[in-house]
1. Radius of gyration and Dmax for the protein assembly as shown's Cα atoms, expressed in Å?
2. Students often forget the sequence filter, so: which aspartates and glutamates lie under 20 Å Cα-Cα from B:LYS120 once same-chain residues fewer than 8 apart are removed?
3. If I histogram all Cα-Cα distances within the range B:92-165 using bins 10 Å wide from 0, what percent of pairs lands in each bin?
4. Quick check: Cα centre of the range A:150-166 to Cα centre of the range B:78-139, how many Å?
5. In the protein assembly as shown, what % of DSSP beta bridges are antiparallel (nearest 5)?
6. Could I have the simple spin-label model distance between B:PHE147 and B:PHE228, label points 7 Å from Cα toward Cβ, reported in nm to one decimal?
7. Over 17 Å apart: what share of the alpha carbon pairs of the range A:123-246 falls there, rounded to a whole percent?
8. Quick one: putting +1 on the C-beta of Lys and Arg, -1 on the C-beta of Asp and Glu, what dipole do you get for the range A:267-367 around its Cα centre, in Debye to the nearest 20?
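All of the numbers you see were taken from the coordinates with simple rules; none came from a lab. The structure displayed is predicted, hence computed values, not measured ones. Backbone-built Cβ (ideal geometry, glycine too); neighbour counts: all protein chains shown.
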Amino acid sequence: MSKRPDLFTSYQKEISIFPNNTQKFWFVTLLLSSIYICFIASDYWIILITNALLVSIAAWGLNIVSGLAGQINLAHGVFVGIGTYTSAVLGGVATRSVIGFEMDLLIWLPLSGIVAALIGVLISPIAVRLKGLNLGLVTLAFVFIGSHFFSNLTFITGGSGLGRKSAKLNILGIDFNSGYEIGNFLIQKNQILYLISLLVTVLLGLGVKNLVRSKTGRAFAAIRDRDIAAEALGINLFKYKATALAISCFYGGVAGALLTTTFGGVEPGTFNLLYSILFIAIVIIGGAGTVLGPLFGAFFYVLFPAIIQYVVLSSNLSEQDLLITPQQIERIIFGLFIILFLIFEPRGLWGIWFRLRNYFKAWPFSY
Amino acid sequence: MKNAVEFVNVSLNFGGVKALDDISFEVKEGSLFSIIGPNGAGKTSVFNCVNGIYRPTSGEIKIYDQEIADLKPDKIANLGVSRTFQNIELFENMTTLDNILIGAHKHINYGPVTSMLRTKKVKNQEDEARDIAEDVIDFLEIEEHRFSYILSLPYGIQKRIELGRALAMKPKVLLLDEPAAGMNNEETEDIARFILDIHEELGVTIILVDHDMNMVMDIATDVIVMDFGKKLFSGSPSDAAKDQSVIEAYLGVSD
């Protein structure tokens, strides 16, 4: 280990993801234990963590367009929906009511992101001309247009109330739908999906980090802070706003594809306004504009209800005693958290983590 | 000598208000050109027209003989025009270094997908951009503020960083909108020294708007005086101080 971990001898080292060995060590430890969890945890927890990983991918997407580039987007859930249905059509099984092509994951996963991104590019001429409240209203309209298409294109979505099955899990021609046997060891479908989600999360997380420390990320932030100055410095506003939206939609699409595959099926009513607002809440709670924030926010959003439920169930109190259901408690506390974070910690969970880290970095002289 | 910027009968109206009224002037390449005049004379409007933020109602603006009427601000920036703003327009949630790197935006050419993959090309170009930024930081003597967030820095330093951000573009023409506004004598002298250095060492054509007459008279090579959107005078700084219409604009007319 180097004796002066904060002394950098090149510009690249200064902006590297893990500037010192301690950070590398903790990242590798975290990654290895994440993989290990997959083989010891129960199905319930595996699905829960998979869900959290995928929600954080979608939240990263929203964070790029709203947190980083400052363009409010109330329709992120629609792009998640577009990714979902792209994957379900390409990877799903055809039935009497819906179409499906049973393609490989390596085809439908990237395409889910790309199709969502293309639709993002398609609507960007409208979105990039507006900002602030007007943009918010237009994206609100996208939610309703999206919902309309989702419930009426029944050959794709199965129609409202019915829904359809998700994509099949075939990778490189191998069928993983009922698990896969290596020797005597059986890997469940959930475990495979968990590992895929972990891999995609690491890759796309790396993408976000790289974006932030590049010309493109700086241009996004410049547009967020002062668009007139950004334009005067040679940043093409239209191009960069459209790029931010496209990248955001790509993340949303990929997340949507894997989320649905984890749940096995999807109903078009899922992608309503509340679903889009949810991602905004996650980004705010996690820390808007930060790299790790959406990850924290997503884990908070997914694991928090599970913990509440666990507490309620283990407290031996019936619903009659509590007067409200665990779901209601969860929503009330979740709403409360959004308000508290906006008032007290605009940088969200990331901000708290940042201060904790700095506290322990300087320990025992932290004052 | 070539004209860096040329205004030909430019007028700019906002409803009934004539912000610029039939303005014509030429800025020779390599000059330190100053626009002075009382508040509301239209000085900043001239900048906003050169910069593409406003479109003139009539007339032509040329930058190195290229008509810019149809160009957006980012295209004009790519012609080599950079500017600072009267009220600081820095990116407040970023560090000094990031602000200056954004100034170097047009010297980096890789796409968004490449930037996410962080290829060798990205790394090399980021290093080059950092070199440009470090040169600027060195030039303006703001080394100790490199990693400070803009919000935490004093006003005088922020003004200097904004100058740095404009310089990182390696402009051919630099528009400075009141660089010495709100500064004490010492800070004004610092800024004047930097402006002269930029003009002489880097050979940048500078258009300067400021209210500090002492500074303008000391450093400008050419000057125009404006009042109520009209051009009153153009010539050398020493002649401007003697011109009757200029004195009237600043001090009023005696009955």
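1. According to the Cα coordinates of the protein assembly as shown, Rg and Dmax are 29.1, 107 Å.
2. A:GLU14, B:GLU128, B:ASP131
3. Taking all Cα pairs of the range B:92-165, the binned fractions are 20, 47, 26, 7 percent.
4. 47 Å
5. 60 percent
6. Label-label distance for B:PHE147 and B:PHE228, simple model: 5.6 nm.
7. 74 percent
8. 580 debye
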